[in-house]
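Chemist: Quick one: this structure, given as C-alpha cells, is what I'll be asking you about.
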Ligand SMILES: Cc1cc2nc3c(=O)[nH]c(=O)nc-3n(C[C@H](O)[C@H](O)[C@H](O)COP(=O)(O)O)c2cc1C
C-alpha cells in the first residue's frame, strides 16, 4: 500500500521521554548542563555536542549556524572557528550571543545567552594542532564565509598549501576560539500533549542563580 505523505501542518509527534521538576535541577546551571550533556552522550545521540550559535549583524539582523562545543566549564562554553568569518565579524561588532542545543531523542532543548570573548592564542594553537592534519590543512586553505568561484579553485588552494610542506601546517592568525560566559539558561523538557517543562536560570541582585518555571 502506498504511504501517503503528511503535509507540514499534519507533521507532529508526541514528546514523552521524561519530565523535569525543580527538585531535579542542580543549583548550578553549568552542573545541570554537564549532566544533560553527559546523558545525551550516554544515549549515544549523534551530534550531542552540536549547538546553534546565534549572533546579530551590524544592522541588528539575526544570523545563526551550528558549531561544535569543545569545552564546558565554570568559565563557559567554547568553540573554534575563523575570526574573519561572518560570525567572527558579527561577534566583533556585538559580542553577545545565544547558544541552542536540541537533543531530539531525549526531547530536550537548552538555551544559553551571554557575553562572548576570544580564547587566548595558546588555547587556539593547542586545539588547532590537536585536530586531524587534513582538517588543519582545510582550515588553513579556506577563508571561511568568503565567496569562491568554484570547488576546483578551493581544492587547488589546498594542493598548493600541501606542496609547500605536507607534514605540518601553521595555524592561520585568524583561526581561533570563543567562549560564551552564560548570563542566563533555559532547560526545556518536552512533555505529553505539549504541556512541556521549562525552567530558566537568571542572576538575582546578589549574583546568585534564580530558578523560575515558565509556562510552555
Ligand atoms: C554539524 C556541524 C558542525 C559544525 N561545526 C563548526 C565549527 O565547530 N566551527 C565552525 O566554524 N563551523 C562549523 N560548522 C559550519 C558552520 O555551521 C558555518 O557554516 C560556518 O562556520 C560559517 O558560518 P558563518 O558564515 O555564519 O560565519 C558546522 C556545521 C555543521 C552542520
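The values are calculated or read from the model by the stated rules, or taken from the named source; none is laboratory data. Note that the coordinates shown come from a computational prediction; the quantities given were computed from them, not determined experimentally. Neighbour counts run over all protein chains shown; Cβ positions are idealised from the backbone, glycine included.
Chemist: How about region 26-44: which of its residues are buried (at least 18 other Cβ atoms within 10 Å of the Cβ) and more than 15 Å from residue 76 (Cβ to Cβ)?
Modeler: Matches in region 26-44: 36, 40.
Chemist: Restricting the first residue to region 72-94 and requiring it to be under 27 Å from residue 38 (Cβ atoms), which pairs with a second residue that is near the ligand (Cβ under 6 Å from one of its atoms) and assigned to a helix (DSSP H, G or I) meet a Cβ separation below 8 Å and a spacing of at least six or different chains?
Modeler: Within 8 Å, the pairs are 81/87.
Chemist: How many residues, within region 40-53, are more than 10 Å from the ligand (Cβ to nearest atom) and touching a residue at least 12 places away in the same chain (Cβ under 8 Å)?
Modeler: Of all residues in region 40-53, those more than 10 Å from the ligand (Cβ to nearest atom) come to 40-45, 48.
Now narrow it down to the ones that are touching a residue at least 12 places away in the same chain (Cβ under 8 Å): 40, 43, 45, 48.
The number of residues fulfilling the criteria is 4.
Chemist: Suppose we filter 60, 114, 76 for residues that are more than 27 Å from residue 196 (Cβ to Cβ) and either modelled with pLDDT of 95 or more or more than 11 Å from the chain's Cα centre (by Cα) (or both); which single one remains? Explain how you work it out, then say what you get.
Modeler: Working: 114 fails: more than 27 Å from residue 196 (Cβ to Cβ); 76 fails: more than 27 Å from residue 196 (Cβ to Cβ).
Testing whether each residue is more than 27 Å from residue 196 (Cβ to Cβ) and either modelled with pLDDT of 95 or more or more than 11 Å from the chain's Cα centre (by Cα) (or both) leaves just 60.
Chemist: Still on this structure, please answer the following. Within region 142-153, which residues are more than 14 Å from the ligand (Cβ to nearest atom) and surrounded by 11 or more Cβ atoms within 10 Å (Cβ to Cβ)? Break it down into steps so the answer makes sense when it comes.
Modeler: Residues of region 142-153 more than 14 Å from the ligand (Cβ to nearest atom): 149-153.
Within region 142-153, no residue meets the criteria.
Chemist: Return only the number of the condition from (1) away from the ligand (no atom under 16 Å from the Cβ); (2) crowded, with 17+ Cβ neighbours inside 10 Å that residue 78 does not satisfy.
Modeler: (1)
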